Every structure is written in C-alpha cells, then in structure tokens.
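The values are calculated or read from the model by the stated rules, or taken from the named source; none is laboratory data. This one's a predicted model, so the numbers in the text were calculated from it and none came from an experiment. Here the Cβ positions follow ideal geometry from the backbone for every residue, glycine too, while neighbour counts run over all protein chains shown. To get the accessible areas, we keep the full protein, side chains included, count just its heavy atoms, and leave off ligands, DNA and RNA. Shrake-Rupley method; radii C 1.70, N 1.55, O 1.52, S 1.80 Å.
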Amino acid sequence: MSRLNLNSILSWVDSHIIDYPTAMNLNYNWSFGSSAGFCLVIQILSGAFLAMHYAGETHYAFSSVEHIMRDVKSGWLIRYMHANGASFFFIVVYAHIFRGLYYGSYMEPRQQLWWSGALIYVLMMATAFIGYVLPWGQMSFWGATVITSLFSIFPFIGKEVVMWLWGGFTVGNPTLNRFFSLHYLLPFIIAGLVFVHLGLLHKDGSNNPLGIKTKTANVNFYPYMYVKDLVAFFVLLSVLSVVIFYFPNSLGDPDNYLEADPYGTPAHIVPEWYFLPFYAILRVIPNKVGGILTMGGAIAIIFLYPLLNTSILRSANFRPIYAVVFWLFVADFCLLAWSGTTPVDDYFKVIGAVVSIGYFAFFVFGGLFVGWLEKTLAFRALSK
Amino acid sequence: MFSRAAMEAARVARSVPLRARVAAAASAAAGAAAVGGATVLCDDAVHTVEYDWPHSGFLQTFDHAAIRRGWQVYREVCSTCHSIKFVAFRNLIGVSHSEAEVKKIAAEFEVEDGPNDEGEMFERPAKPSDRIPGPYKNEASARAANNGAYPPDLSLVVKGRHLGHHYVMSLLTGYTEAPVGKDLLPGLHYNPYFPGTSISMPPPLMDGQVEYPDGTPATVSQMSKDVTTFLAWCAEPEMDERKRMGMKWCSAMFLGLALSMYYKRFRWSPLKTRKITYHDINR
C-alpha cells in the first residue's frame, strides 16, 4: 500500500479504511456498528426521496403520504423502507449498545467514545419521534401532543415553553412544518457525530472479546473486517426485505392510518416499540414531574455509566457475576418494553415498577458493586 | 387508560376555545362509531375472528373476482354512506375491470370541476383519472344525515384497524340481537365486535341484496367476504406487486448473503486454520 501512502489524502484512506489494524478476534457483534451506519445511509437516502413528494402542511400531510403510497412509482417501497428502516436502525443500535455493555467497551480509555455514541442515540430518538409525527396520523398527532407537553415541567414558564415548541396554542401546522425541517436537519448532525464517533474509535482502536490490547494479533480492515461487515449487511438486508415486502405494517400502529383528529383522542397513546422501555418508566411514576425526571434519568444514566464502573476487567467473558447481571438486564429491558404496552392497572403497575427499578439497579449495582465484588473475590482467591 | 403525562397533554391541548370543547364532547356523545379505530385496544368487545384469507400467504395474490364483486357491493350498498376518497377510478383498471368498463363506471358519477371561462364551477361526468367521489360534501353534512355519527372513509379501514380485514369481516357478519340487559341508545345497533358494542351503522347487508352477474349466490357472508377483499385492496393496492417484487429482492438478498458468507470463509480460512506451536529453544 506504499503506493497510496505517497498521497496525503489516500494515505488517510489507507490507514483508516484499508490497512487499518483491527483485532482479529472480533466476533460478529462488532458488525453492529457498521450496520448502524448502513441504516443511517438507507434512512437518509429513502428520506430524501420521500421528501420530494411529501407536503409538510396539516391539510395535505396525510394525503401526501397516501399519494406516495398509491401514485408515486414504487413510492410504497420507499416509504416502507424508511418506516421499517427506522425500526431496524434501532434494533441494530440496541444490539450495538448491549455489545458495548457486555464487553466493557465503555471503560477506560474509551469513555468519550461511549459518550459520543450515547449522544447519537439521544439524537436518533429525537429524529425518530419527530419523523413519526410527519404522516399526521392519530398516533403522530397525539404522540406529538404528549411528548411536547413533557416540556411543561419547567416551573413558571412551562406552558410558554410548550407553546413556543408548538408555534401556536396547540400542535398544529407550525409544529408539523418545523418538525419536517428538523427531521431533515438532525440526520446530518447525526452523520457528523458518526464521524466524531469513528474518530474517537480510531484513537484507541476497537475493543475486542478478550478486552485486552491485541497489538500482536491484528489484521487489516480490508479484507478481513470488510467481509464480516458485508455478511452482516446482507443479514440485515435479508431480514429487512422480508419485513418490507411481507409484513410492512407489523411494527407500526394501525391508528396511524387514521388522519389526525384533534377532537378524538385514541384510547391508548402508545409510542413506537423502540421508546417503550422509557415510556414504561415515564408512566410508572404516579406524578408528572417525577415521571419525566425519572425518564430523563434513565437516559442520563447511560451517559454516567463509564463513571460508575469499578471493574478492572473489560469483557464479561471473564466476569461471571457481571455476565449474569448483564443478561438479567437484557431480560429486564425487554420486560420493560412489554410493560410499556400493558394497561396501567394494579397487577401490571407492580411489574412495571419492579422492572423500572431493575433498569436503574443494573447501572448502579452492575457498575459500582459488581466490579468491586469481583475484584475483592479475585484478590482473596489469589492471596490464598 | 392514559399516563399522567398523556392526560396532562390532553388537558393542555384542550385549552382551546370552549366551542371546540363542546364539539369534542358532542362528537364523543354522538357515538364511539366515529372513532372506531381509536378504541381498538379496549377490552369491551369480542375478539375478532381470524379468517383464512386467500390473499394472506407469501405466494398469494388478491382474489380479483372477489374484488370485482366487492366493488359492486361497495357501489350498491356501502357508498350510500361511506367514501373511499384515496381510490381513483383508474386504479380499478387491470385489477377488477377493463378500461372501457371503468370509463363507463366513472361516467355514472358527477364531479365538480372548474372554474370555466366564465369563472363558474360546473359539474361534469367523472373520468377514470378522478378520485371516486364520496356521498357527502363534508363531515358536517355526513353527520347531519346520520344522526350525528360520521361514517368513516373506507380507503384505509383495513390498515387502520387492529387485525384489519379480519375485523371488517367479523363486524359485517357479527350483527346480532343485543343480549338481555344490554341497553342500547336509540339509533344504535348491537355488534359484539365493535369497540363498545354499540354501533351507529345499521346491519348493512341482507341475503340477496345485490345480484352478482357471475351467478355467485349473494349471501351476507359472501358479500362480506367480497367487500372485505375489495377494501383490503383499497388499503393496499400495491400488495400483489409488492409480493412479486419481494420474491425477487429476497432471493437476491439471500443469494448475496450466501455469496458473502462464502467470501468471508474464503478470506478467513488461512487465519482460522493456522497452527501456532511453541518451541522452547533452550531445552
């Protein structure tokens, strides 16, 4: 590759893409990152084509989406790609985050890498929520009403803040129009942060399943990691294709095929599946301010996690107690999502409360206590 | 059920003029009929029967003869109250009718066009490119004609209800006498599949209500099946094309997956099969 290295730009390509050294023991869990980037590209491209036919105006938004579905050549394909692509983006990103949690990718020296990723995740949630408002169905409208109203918790100025977000006295045309603008803007900010994320990744290199430095067992990115990522892309595309072509509405809510009606509240306002865990935490607290702050805390604690760590080992492969706690957390997170879909009555409320506590317990207990416990037990065993 | 935040949101949203609030209350009182889909998760209805539709499989298309019969049922029965505003006459061409037939069907409808050179709006016979006109000018006239209830647009009804076509079929065939002790408000009818079980729509179908040119006996269940198939097509007119395209895409992706897996193995096998041995040269 010395041929490339004669040129300053091409040498950058060589050292960061072609001959970039990667640990050879990376398993397929390390392909979720590149798959997430691939999802972002799918979303931006399909979104750009949708925007060519969409009208960000309350009287036309719903019928312009139907126009895309019925009159635009392959419009249904672009829209189903975009709608289901968002869900798959979240599936991949959740898997990416859980991989980081399992293998300790948030630990020193990669804390900033974790924070940049968490920031991308938060922006993704904002983008997905705003995008869900655009078709102007019942869930779009009422979801927007609920989520924007969360900002009314600011003391004294809460109501004014909410009206400022709406651009009026209720969710209406100014809201929809600015959401359309923001929905086109935010993905490019995410794309910028993706490069920050990659830059921070290349500072220390990828973590690996052993959680140790592997300077002696590295391979070039091309072709070794490239082929693995290629396999991952095709797995993603295969599953996505089956959903797009055969079950395109299975991840959506039927209520969003009813046009927004400010006078008819749906019986259940339910967010898209990827927000359900946080929605469950929001509604388990029987107090508005408390619920919103707890939900905010659930996201904030993701940022805090690198600081809560007391373990000196990265990979859960060598941390038996943490591994159990980790899988309990995965189960807890799934239960939390399920709990977000259940009616709020006594029986479900108790389960919701337990799994919400479980969520926070993982970050505090799994970070602070388990690391200390494993260390203590290990040193005791060694000193015998 | 709502979360606190949702209720708070609804409260803030309702800080709109009183007139609007009265309208909201009135529309709620006029019957849950108008917001049927918004109440799908309620537990106050019998669970929808799930039928074995001939168009639900991976390799199955719509039953186009049923779409044609269903259009007839819609035209002769449902269209008295319900619109299908997102469907154009031209959409029927090649699906259930020929172009000549669609031109004839369209010409039976009048649509408003204009303004003409004198600046006047005028009525003209519809063309295949027009969307199918509904029975009412607007929601208010629809409510006025229907005892306050609003017959929903049916172009998306199959996608806009939980279990879509199963629900529509169950609803159409589900009318029955109200059980003893169930008080119905005047003008409402009992249907156990409808959320809340009191529906404004009277039983729309009776045996022999339409006469099928193809000789199919027009029983209630036959007409329900046909019109449900028609409405399923209205909601997803792309379904046949989607499934055919899906076969091509999925085949290509599975092939790509197989090839990339082979390629990965090909590239990695030297690394995976290497042997590292340790020789102590000092021994």
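Restricting attention to the stretch B:51-95, the residues that are open to solvent by less than 50 Å² (accessible area, probe 1.4 Å), outside any helix (DSSP H, G or I) and in contact (Cβ under 8 Å) with a residue 60 or more places away in the chain total 12. Could you tell me whether any residue of the stretch A:172-186 is open to solvent by 20 Å² or more (accessible area, probe 1.4 Å), in the same structural domain as A:G47 (by the TED database) and within 17 Å of A:F32 (Cβ to Cβ)? No, there is no match, as no residue in the stretch A:172-186 is open to solvent by 20 Å² or more (accessible area, probe 1.4 Å), in the same structural domain as A:G47 (by the TED database) and within 17 Å of A:F32 (Cβ to Cβ). Within the stretch A:315-336, is even one residue surrounded by 15 or more Cβ atoms within 10 Å (Cβ to Cβ) and farther than 22 Å from A:Y106 by Cβ? The answer is yes; a qualifying residue exists. Pairs meeting the criteria (first residue in the stretch A:313-334 and under 28 Å from A:Y274 (Cα atoms) and aromatic (F, W, Y), second residue at pLDDT 95 or above and open to solvent by 30 Å² or more (accessible area, probe 1.4 Å), beta carbons under 6 Å, at least 6 apart or on different chains) are A:F326/A:Y102.
If you scan the stretch A:87-132, which residues turn out to be open to solvent by 20 Å² or more (accessible area, probe 1.4 Å) and assigned to a loop (DSSP other than H, G, I, E, B)? A:E108, A:P109, A:R110, listed by residue number. Which one is farthest from B:M247 (Cα to Cα) among residues in the stretch A:50-74 that are crowded, with 19+ Cβ neighbours inside 10 Å and in contact (Cβ under 8 Å) with a residue 24 or more places away in the chain? Among residues in the stretch A:50-74 that are crowded, with 19+ Cβ neighbours inside 10 Å and in contact (Cβ under 8 Å) with a residue 24 or more places away in the chain, the one farthest from B:M247 (Cα to Cα) is A:T58.
Give the number of residues within the stretch B:134-180 that are assigned to a helix (DSSP H, G or I) and open to solvent by 40 Å² or more (accessible area, probe 1.4 Å). Matching residues across the stretch B:134-180 total 7.
Quick grid of which residues meet (1) among the polar types (S, T, N, Q); (2) in contact with a Phe, Trp or Tyr (Cβ under 7 Å, 6 or more places away or on another chain); (3) over 30 Å from B:R274 (Cβ atoms):
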| position | (1), (2), (3) |
| --- | --- |
| A:L6 | no, no, yes |
| A:S11 | yes, no, no |
| A:A23 | no, no, no |
| A:S34 | yes, no, no |
| A:I42 | no, no, yes |
| A:G47 | no, no, yes |
| A:A61 | no, yes, yes |
| A:M69 | no, yes, yes |
| A:V72 | no, no, yes |
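The residues in the stretch B:54-92 that are within 14 Å of another protein chain (Cβ to nearest Cβ) and under 13 Å from B:T228 (Cβ atoms) can be counted, and the count is 2. Filtering A:N256, A:N218, A:N208 for residues that are over 17 Å from A:F129 (Cβ atoms), of a type outside the set (D, E), buried (at least 21 other Cβ atoms within 10 Å of the Cβ) and in contact with a strand residue (DSSP E or B) (Cβ under 6 Å, 6 or more places away or on another chain) leaves a single hit, A:N208.
Scanning the stretch A:227-250 for residues that are more than 8 Å from every other protein chain (Cβ to nearest Cβ), over 14 Å from A:F89 (Cα atoms) and within 21 Å of the chain's Cα centre (by Cα) returns A:D229, A:S250. Here the condition is being under 19 Å from B:T48 (Cα atoms), touching a residue at least 24 places away in the same chain (Cβ under 8 Å) and of a type outside the set (D, E); of B:V210, B:V220, it holds for B:V220 alone.
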